[in-house]
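This report refers to the structure that appears directly beneath it.
The values are calculated or read from the model by the stated rules, or taken from the named source; none is laboratory data. Computed from a predicted model, the values in this text were never measured in an experiment. Here the Cβ positions follow ideal geometry from the backbone for every residue, glycine too, while neighbour counts run over all protein chains shown.
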Amino acid sequence: MPTIHYILKDGTTREVDAKVGASVMETAIRGNVRGIDAECGGCCSCATCHVYVDDAFIGLLPPPDDMESALLEAVASERRPGSRLSCQLTVTAAFDGLTVHVPDTQV
């Protein structure tokens, strides 16, 4: 089972075991990770599950599609090269050790 590392805005780390096929957002909600609001429930319509993917893992991810890219233009925290919506990241075995940083704000 892959483990996802969530770096919270206070600098602490939450490690959550993820189910292959679940999203990084669903894993955060199940693990009670603060700062990932996921107001739309994962249907890619609100951008409140924005995360910064650690540089070491960006190459493992498919690029964002047009809808995700459009939503990332309107995120509350600064958009960075590693900005992704965690609802659009489906966990695979290769995600073991994936590190994402939770932004300062989602709204």
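Worth pointing out:
- Qualifying strands (runs of 3 or more DSSP E) (wholly inside the chain; at least 1 residues being among the small types (Gly, Ala, Ser)): 83-85
- Being surrounded by 17 or more Cβ atoms within 10 Å (Cβ to Cβ), within 13 Å of the chain's Cα centre (by Cα) and under 21 Å from residue 81 (Cα atoms) is a property that residue 24 has.
- Considering only residues in the stretch 34-91 that are farther than 20 Å from residue 6 by Cα and charged (D, E, K, R), the one that is surrounded by the most Cβ atoms within 10 Å (Cβ to Cβ) turns out to be 68.
So that you can scan it fast, the table gives a plain yes or no per residue for (1) closer than 16 Å to residue 93 by Cβ; (2) in contact with a helix residue (DSSP H, G or I) (Cβ under 9 Å, 6 or more places away or on another chain); (3) free of Cβ contacts under 8 Å to residues at least 60 places away in the same chain:
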position: 15; (1), (2), (3): no, no, yes
position: 33; (1), (2), (3): no, yes, no
position: 40; (1), (2), (3): no, yes, yes
position: 43; (1), (2), (3): no, yes, yes
position: 50; (1), (2), (3): no, yes, yes
position: 56; (1), (2), (3): no, no, yes
position: 65; (1), (2), (3): no, yes, yes
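- For the stretch 1-21, the tally of residues that are crowded, with 21+ Cβ neighbours inside 10 Å and either charged (D, E, K, R) or in contact with a Pro (Cβ under 6 Å, 6 or more places away or on another chain) (or both) stands at 1.
- Just one of (1) touching a Phe, Trp or Tyr at 6+ places or on another chain (Cβ under 9 Å); (2) modelled with pLDDT under 95 fails for residue 24. It is (2).
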